[in-house]
Structures are given as C-alpha cells and as structure tokens.
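Here's the structure, in structure tokens; my notes come after.
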Amino acid sequence: MTEMPTSYTAFSREDIYLPCEATGIPAPTYVQYGRDSSEGDELLDSYEGLYRCYASNTLGTAMTQTVQVIVEPQPVLLKQQKIHKRAFEGESVVLSCNPPESSTPPHIHWMDKSESMVHIKQNDRVMVGLDGSLYFANLLKSDSRDDYVCNAQYSAARTILPETSVRLTVMPSNDVGHGRKPHLFRPTGSHTTVNALRGQSVTLECIPKGLPTPKVEWKKKDGRLDETGGVLESAARWLSFDSIAQTDDGEYECRAFNIHGSTAHSSTLTVEAAPYWVKEPQSLLYSPGETVRLDCQAEAIPTPVITWSINGQPVTDVDDDPRRSVSGGVLKLRDVEFADTAVYQCEASNRHGSILLNTYLYVIELPPQILSSDRVVYRVTEGGDIMLHCEAFGSPRPHVAWEGEDMVPLLSDPRVSLLTNGTLELSGVSHDDSGTYTCSVQHTNISITAHLEVFNRTEILTSPQDVRVLSGSSALLDCRFYKDPRLLDYQIVWRKDGQKLQESSPDDKDLSLSDVEDHSLTLSWIPGHSHNSPVVEFIVEVREEQHTEEGKWQLWRRVPGDFNHLQLTLHPYCTYRFRVIAVNEIGHSNPSKPSDHHSTPPAVPDSNPTGVRSDSTDPKTLIITWDEMDKHLHNGQDFQYKVSWRESPPFHVNDTGTYTPFEIKVRAVNSLGVGPDPEPEIGHSGEEKPDDAPTGVETTVMNSTVRVKWNEAQSIRGRLLGYKVPVTASHRLKTQIIIQESRVVEVRGTRTSEEVTGLRLFSRYEVSVTAFNSKGEGPHSQPHRFSTPEGAPGPPESLTFESPTEKSMILFWTPPVETNGILLGYMVQYQQEVESRDSPLQMEIISDPSMTRIVLEHLDPSSHYIFKVIARTATGDGPPITRRFATLLDGVPPSNISIVTGNTSLNLTWVPGERDRNHGFHIRYRRKTGVEWEESEEVNSTQGLYSLTGLQPGTQYQLEVMHGNFTQWKDVTWTNGPVPSEMPGGFATQGWLIGLISAIVLILLILFILCLIKRSRGGKYAVKDKEDKEVDSEARPMKDETFGEYRWVFSPIAVHNDDQRLYMKMDDASPLPPISTKMKATISRYSQSPCSSDHGPTNRVSISAVNHVRF
C-alpha cells in the first residue's frame, strides 16, 4: 500500500475523502468496506463509521488498518447577549470563551473589535489559557475596552465563529499599592493527573494571579527537568512537550511567587502509548521447501494484542494448515509452496489504537547471482580485522563458500567466520593471509575473487625520552618509527596529557586547515619564493581518497595571486587531501606538500540519480534504469536506491499490459536516511506493434505533389515513432509500357499529414498509411487511389539525322520517356548559325504523334543548324531536345594516309572528313618488280582504317588510290621480314617434292577405286541434288540397307596451337598429324563428296604453303 486513509472528522459531503492506493503487477483492484449506506443517500450521517480498504491482484490482498469517519454538523454560534464586566484596578479577572464543542477543538483568538480586530497582546500578566479563556493576573486602567471578542477557529470545518463579546470596565482603586499573594487560576487544587500518549503534544499549564504579577518556575520532583523533552513557553506559564516520550513520565511541580508569597501545584504525568513497531517482518522471496518465519514485534502501554491475517482474512478464519503455526507476534510456515504466495497482515492493537503491516511472501525460483564487485583489492594492517564481501541473491537463497589460493575451505580456521550475507570476516590478519580469495555459489560456476594485501604494522622504534632543560631554552623530543614502504600517506601525532598537540609529516608543510565544520573548512597556505616573477594565481587541487582511485589529483579552483586562503565546501562522507600550485608568467611551481587528511561526517543524500527511464521490451515487464551515482555523492554507508513506481494516472486499474504508463522514482538512500523526494518520471512497460491502422486517408493533388492526410492511429501499443506512407504508381511510358513504381515516405513524430513530391504526371497512384513504433509497423490502412493530372511532356529521348544530299537532311527522334499525358504531336524548330545571330527561326508542326521523322530541304551546306524537337500535349509544350547538325558533303577518297608495316600486311589509316559522306574506293598495289596491279575490296572512306593482307615479307610495294582518272594518293613501302631466297636446282631435282606428289596420286587412286566399288553397290545418284540439299548426316536416321557398313562422320575441326605446332582435331577422331606452322590450313565443310553415300556430309581439308616454294 502506497497511500492509506486516516481517521478524520467530516463537516460536509465534500470532506469525505478516503485515499487508498497500492502498487502491484498485475495492477490491483480495490474494495473499500464501511458502514452500509444506500446509493444516492444525501444524509451526511450515513457516512459515519469504520472503514478499511483492500487492494487485490492474483498474488494476494493487502489491506489498510481500520479508520473512523466522524460526522459533525458545521459549528453554529447561538445568539448571545453582550456581556459587561466591571472590576477594580489591581483585581484579577477571567473573560470566558465557550465555543461549540467539536471533536476537533478550535483555536481561540482574543481580539479588540473596537480597534479594527487587533489581537490582544499577551504577556506574563495577560494570557489565553488552554481552555480559551482570557486571564488577567491583575488589571490596569488600560485594560478597559468596549469589545473583547473571542473568535473560535475550526480549521477542519473551515469556520471562524465570534463566540463572545465582552465589555470590560476597569475602575480606579486605592488598594493597588497593597498587593496580593499569588493564587492559581489554573489548575485548581493542589494536584492533578494528566494522561498522555507517546508521540503526542502535551502542555502542562500554570496560570497565576496576584499583585505584582507572579513569576512561575517548574521542576520535576523525581528527576531533572533539563533531561526531559519539556520546553517552557508563554512566560513559563506552559511546560510543553512537542513529542512526549515514556521517559517524560513523572511528577512535575509549578510554583508561582511574588514579594507577598508563593503557591505551588503538582501534576502527575502518566505516559501511555499506542502500539508502535519494534521489529517489522520483511517482504522477501522464498523458494519452495524453505521455512518462513515472520517476526512482528510491537510495544505499547497497555501491552498490545497481535493478530495475523492472510490476504485480509484472519488466520482463525482460514483453513487450518499443519505447516503453519502462530505464536504471538511470530508466524511460522514450513515447507512453503507456490500456493503460499500471499500478503500476510500483522496487526497490533490496544485501547489507544492499532497499527497494521502488510508483508508480501513470494514463493518463486530465481537463478543465483553475486551482487558484490569482482576483483576488489582489500588492504589491512597486520593484526587487524578485515571483511571480504560476497553478497548473493537468488531463490532459493544461494549458499556461498570462500576458498583461499590453495582451494581449501576457510571455515576450519577459527579466525574466520562467515556471516549470513556471505561476508567473510577475518580476524588477526597475518602476512600469510595475503593473496587471492574466491567466493563461489555452491553447485554453480558463479564466483568472484578478492585480493587481500597485508601491510606491515607501524612501530615506534625509539620513543621520546625524559629530558630536563632550563626555562626559556629549547627541548628536543625524538620519535623514530618504522612504517610499511607501501604506505605513502601517514601522520605523526604528538599529544600532551592526552590532548593532541600537532599533526605533521616528516617534512615541513605550508598548508593549514581552519574553521573546520561538518562540510566546510578554510584552506590557508604560505606562498613560497616568486623568483622575481610575481605570482598571478594559485591552483588548488584536491584528492578524494575514500571513493576514488588513489593518487589522482583534480583541479578544485583557481585563486588570484594575492589570496592565500580559500573557503571550501565539501561532500559528506569523504576523505580529502589538498595541495597548492603557484603560477607566474614563467610557469607552474612544484605542488606543495599535501595537507593532512580531512574526513567529513556522513549525511543523508542530497541528490538523486539522473537519467531515470524505462527500457522495457516485454509488454508485461517494466524495466527501470538510471545513471549510477558517483560514490562521493553517496554521503554515507549502506547506500541504496529506493525504486518506486505506480501506474499513471493513479487509480487506473485496468491491466492494459502493453506500454502501460508508470510514474517512476529512484531515490538515493543511505544509513542516515533518504535523499530529497525526486520528481516522478514517466516510464512504460514493453511495446508491441501497433494494433490498428490509421483511418480517414484522403489526398489533395497539386500537379506533381500530393498532400496525404489521415486520422491519428489509436492503438499504438507503444511510443509512436511516426507513420510510413507507401506510394505505388502505375504510369505509361512511350504510350505502351506500364511501369510499376513504389516508394515509402517516412513521417517522424505525430504529424498526420505529409506532402509527397516528385510524382509523375498523368499517372495512377495508390497510397496507404501505417503507424510504427520500435517494435515495427502496424497494419496498413485501406488503399486510397488518386491520379495526377496531365502535364507537359518531357523532351524526346533521342535526336539523330541522315543527310542524303548536301542540301537536305532527315531528322529522326524517339518519343519522350515521360509523356505526362496524351501526345498530340511535335514541333520542329531549326535555325541557321550565322555570325549576325539574326537568322530566322523556322518551324514545322507535326500533328501526328506517331510521326517521328521529318525531311528538311534547301539547307545551306556551308552552315551548321540548331535543331529542336518539342513534344506536345493538351496541357502544353514540353522542353526541347537540342542538337547541332550540318548537312554532309560529297565524300572523296583520303589523300593523307599513314602506313604501319607488318611481315605480310600493311595497315593503312587516315582521318575521315568531319562532314564527308561515305565514299567507296579501292587501294591498288603491286610489287616493285611486278607489272600487274592488284586491287583491294571496296573500302569506305568513313572507316579510317584498312589492313592490306596476303603480302610477301621483305618486299617493296607500290600503293595508290584513284579518284576517277586522277591519282588521289600514292606511296612506296616495304613489308617487314627477310627477302625469300631462290630454291637451288630445277624442279626435277627436288626428290622430296616428287615423293609427296607420288603419295598424293596414290591416295587419289585408292579413293577412286573405293568410290567405284561404292557406286556399284549403292546405285547412281545425282551429286548436284545432294549438294543442294545440304542435309546434315548427324540429323538423319541410318537406313536399314546400310547396316553393317562403315560411315565416316567428320565433326567440325578444332584447330589447336601448342608449342608452335598446329593440331586439327575432330570430335570423334584422333588428332591428325602435326602440320608445320609455315603451312596454311584451310578447313571447309561440304554437304556431300562425289564419292560419299547417303550417310552424311564429309569434311575436306586443303593445305597450301605460305612461303613461296621453288619447284
């Protein structure tokens, strides 16, 4: 329960307010029980009674203690007559005030109505008593007034009543000089008994009368007054206890006295107590099978009665369970089960009231984990005690074990003890205890390590000796000591008769600390030598040694050079050292020697964590995170974070689950108390994808831009990141091609409209809208369709030309890629380029959109023209495609040809004329020693390159190009390579050649014989017909009459070059013998040889020599 009702008095229906608030997951539902009343009952009295609130969810029921609502009517002043009192000067008078009674006593104000309602000034002679009456110890003439008014202020009823109006007349008297001994207006008699409740405010009153005005003094008969909580107020007429304690119980006496005598009254103050808690049970997690003990101890006077309830039902009304036992304030439950998860109530009551506690018992299984930091280094001096921390968490409660470096359990050592929270306490530490310790959770692989460093004990080697010196002379007391070299910071403290004289380091120092308070001090220093350059500033540095890494100095402040002190405000629960650095124009001095250690006392946290937020991913889970506070802000020991959350807004009890808003707070807490109340942040449980699609999608089209609007999505189930607007287009390109184009426009934030630009004109579009959060997109809205209007087309895609004559040109173009509408035709504009720039613009309109060419006549062959072609729709003309063309002139053969020579070829290159049409010509060539000219194939003048092949190496050639009967170009050049030599001897002397020819003749003869045999078997056929058909034998089936005969099938021959030898290989045959690289192989495929049968085509290979061979 986070907010509970309290008992109060109601004066109207508007006063009825019983707050009841609880937290829980799932969110709790509320039931409030009280006195029955019919619905719509307007009587205020019907609300009077006892009330109790119950908050329940699936894990249990919590409840509040019983509260009482008292109903009273608004205080009303009965009509009274004005009172007139007369008294003599020096007498004692009481002006009574009797306002209407109420359970909430009013606050009384006496005022003078005749002087515009001025408060009556109170002092030791005139004062208002606890009963509201106005007491005059003795009267003065100035006390006469026409209107003493008693105003009763009822704060709870928000009412002020002028209860009494009194006219007081003070008459003169001759007895004023005689005086009177003191008597008491209040209390009456010699003894009274006052009962009080612990913690409440109590006032003992003693109002005297007499002349002169008596003085009052108090004492405690059975003790000292200054040891109580009583405070004297109103000229000692009141002894007030703001929050009375049981130690204030006893007998008190007030004594009033003046010069004529005295009087006394004793009051016995008896302090009883409503129940208050001494020990409260804790809400904890338990694992199945554990034994739970809930201790609920309360004290009160009289002794309270303690009762137990489970989920709001008294234990006596719950079914008996042998595992459960109740004995006074102790409830035990053995072998707990998951079904034992519940809220247990402990209520303590006596005649003064009751108090109630809700304790949540959660039976669950959670994996173990170690909360203490790993690899912590602990330092201790030899002989000291040290605690190594290993706090573990889990359900069932994990058991931890400590081991040393030798992996031996440590509990066998009597100096070692293991605390219930997993902390290892080691007493009387020695150097043998140095090393690494391991804390592990039993039956798991979870562990941390801690390293222990043991320092040598600091010892005094030579203590000061007794000395005897003459008065006024110097005395030297020597103190030699040993310390561990690892202890860098240490102090030497001298004491005289037990009082500290001085703290010093072995070297002189020039820093001092003064005006030391809890969290502030003044740092002073003595400037050193400036070395002839004035000091411009001092840098004050600080090192906090309790919470930060040792040896790290930080800049605190810069101080002007004419200052030698600084007021410092320090954090609580920190240990500081300071040093100062002087700075002049030359540079920085060495730092001063550090000051003494100064530790500030702890305090409650003065700040809270920042960055409080929720990083929830699971819709049913709220994960609260915050930025860790720096240790120097902890301000004390046992620092913790108090995490609070509640569903926002309060009283919203539906279990929405997904992205439920919560108010979350994280508050700093230490052993002294809690930090300031932080402002709540809003966090949420985990998200899911949006559940609903946006509705009301509508569009407004403006040319190539559309504004899309939609209604805000309702069921986001998370933090809305924005909307996505998919836009899909169907538009026509070149009047026939349909293009599907899509894109997604992302709208960040909560805007519900967006302009989409860059749309294609004359296109159909489909748009939808979907909301998205961090989990993804929700469903899309229903598709909304719209069309963009027709617009001016784009430029034609291309523009080329042909020039059949020097004065005519044919323009060719292609339609625009983006027609943006229905094409109506084209506009062709052209203008001659002249220096004066004033040539007329000529225009041709083409009304047929399918016409993409135009013939232009009577053009000037000596000029260039600028041509523009513009596509047209009903909306207007589009941008033009612009080109610069000129007609082509009659071409001629080239007259400037370059030659690149090769062994058997000549490569001829030339630059064609920019505006020349193509002209065909032939290149004539012959050997220098030859007679007949040879001609190349027809060459185009625009190709710029021709290779003349089949020439002989090392040979001189004449070349020329003719244009009509005129020689356009000629040249003489050599091919590369050696000149071929004449073969010695005649034809008949070449034996190898004769052998080759004989072999060829023999082969031909054999083939001829085989051919005759074949024809005699297969009959005659027309060779010409077979050749014309060119039927591939591989695609024809084998005839039945040819079964058993051989068939030659030659596949296309592949030519391979390996190690400068040429191979020819057919698909299903072995490689042919190698052919010399100086031979030229010509391979051709024939449909049918004259001697083949119907079995398919054959291949013919002819071989010719490349070099000239002399026979």
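Check each of the trypsin sites (Lys or Arg not before Pro) in the range 303-349 and keep only those in coil by DSSP with at most 16 other C-beta atoms within 10 angstrom; list them in order.
323, 334
State the answer as a single residue: which of 788, 74, 610 lies farthest towards the positive end of the charge dipole of the chain, with beta carbon charges of +1 for Lys and Arg and -1 for Asp and Glu, about the Cα centre.
788
Sum -39500 (n - 2.57) across every DSSP H segment of at least 4 residues in the chain, then divide by the residue count to get the 222 nm mean residue ellipticity, nearest 500.
On the way: 2 runs with 35 residues, N = 1111.
Helices in the chain give a 222 nm mean residue ellipticity of -1000 deg cm²/dmol.
Starting from the Cα of residue 529, move 7 Å in the Cα-to-Cβ direction to define the label point; list residues of the range 575-597 whose amide nitrogen is under 18 Å from there.
Label zone hits: 582-593.
Mind giving me the FRET efficiency for residue 638 and residue 486? R0 is 22 Å, r the Cβ-Cβ distance, nearest 0.05 is fine.
0.15
Treating the angle as unsigned and between 0 and 90°, give the value, to the nearest 10°, between the Cα long axis of helix 991-1018 and the longest Cα principal axis of the chain.
The angle comes out near 90 degrees.
Please provide three numbers in whole Å: the alpha-carbon extents of the range 824-937 along the principal axes, with the largest listed first.
On the principal axes, the range 824-937 reaches 75, 36, 23 Å in Cα extent.
Note down the nm distance, to one decimal, between modelled labels 7 Å out along Cα→Cβ at residue 415 and at residue 962.
The answer from the label model is 12.6 nm.
Keeping every protein chain present and rolling a 1.4 Å probe, give me the accessible area per residue for the chain in Å².
Result: 59 Å² of accessible area for each residue.
Over the chain, what is the percentage of antiparallel beta bridges among all DSSP beta bridges, to the nearest 5?
90
State the dimensionless ratio Rg/Rh of the range 156-267 (Rg: radius of gyration of Cα atoms; Rh: Kirkwood radius).
That ratio equals 1.07.
With viscosity set to 1.002 mPa s and temperature to 20 °C, compute the Stokes-Einstein D of the chain, Rh being the Kirkwood radius across alpha carbon pairs; µm²/s, no decimals.
Translational D for this selection: 46 µm²/s.
Figure the gain on full extension for residue 381 and residue 475 (residue separation times 0.36 nm, minus the Cα-Cα span) and round it to one decimal in nm.
30.5 nm
Using a Förster radius of 60 Å, what is the FRET efficiency between residue 219 and residue 397 based on their Cβ-Cβ separation? Nearest 0.05, please.
The calculated FRET efficiency here is 0.60.
Relative contact order of the range 341-469: what whole-number percent is it, with Cα pairs under 8 angstrom and at least 6 residues apart?
Once normalised by length, the contact order is 26 percent.
Place the peptides 870-880, 276-286 in order of packing, highest mean first, counting for every residue the other Cβ atoms within 10 Å and averaging per peptide.
Highest-to-lowest ranking by the protection proxy: 870-880, 276-286.
For residue 365 paired with residue 131, estimate the spin-label separation in nm (one decimal), with each label point 7 Å from Cα along the Cα-to-Cβ line.
Label-label distance for residue 365 and residue 131, simple model: 7.4 nm.
Just going by the charge dipole of the chain, with Lys and Arg at +1 and Asp and Glu at -1 on Cβ, which of 284, 218, 959 is farthest out on the positive end?
959
Roughly to the nearest percent, how much of the accessible area of the chain is carbon and sulfur, given a 1.4 Å probe?
Carbon and sulfur together cover 50 percent of it.
Taking 0.36 nm per intervening residue step and subtracting the Cα-Cα distance, what contour gain separates residue 251 from residue 320 on full extension?
Full extension from residue 251 to residue 320 adds 19.8 nm.
How many times 2.2 N^0.38 Å is the alpha carbon radius of gyration of the range 437-496? Walk me through the intermediate numbers first.
Working: Rg = 22.8 Å, N = 60, 2.2 N^0.38 = 10.4 Å.
Relative to the 2.2 N^0.38 Å estimate, the range 437-496 comes out at 2.19.
Calculate, for residue 98 and residue 124, the FRET efficiency according to 1/(1 + (r/R0)^6) with r their C-beta to C-beta distance and R0 30 Å; round to the nearest 0.05.
According to the calculation, E is roughly 0.75.
Treat each spin label as a single point 7 Å out from the Cα along the C-beta direction, and report the residue 907 to residue 374 distance in nm.
Result: 7.3 nm between the two label points.
At 0.36 nm per residue, and after removing the present C-alpha to C-alpha distance, how many nm does the segment from residue 456 to residue 516 gain when stretched out fully?
Additional length available on full extension: 18.4 nm.
Evaluate the relative contact order of the range 200-350 (contact order divided by residue number), counting alpha-carbon pairs under 8 angstrom at least 6 apart; express in whole percent. Could you put the intermediate results ahead of the total?
Working: 269 pairs, mean separation 28.9, N = 151.
Normalised by residue count, the contact order of the range 200-350 is 19 percent.
Along the positive direction of the dipole of the chain (beta-carbon charges: Lys, Arg +1; Asp, Glu -1; about the Cα centre), which of 808, 28, 538 reaches farthest?
Projecting each Cα onto the dipole axis, the largest value belongs to 808.
The values are calculated or read from the model by the stated rules, or taken from the named source; none is laboratory data. None of these values were measured; they are calculated from a predicted model. All Cβ positions, even for glycine, are placed from backbone atoms using ideal geometry, and neighbour counts span all protein chains on display. Accessible surface areas use protein heavy atoms only, side chains included; no ligands, DNA or RNA. Shrake-Rupley method; radii C 1.70, N 1.55, O 1.52, S 1.80 Å.
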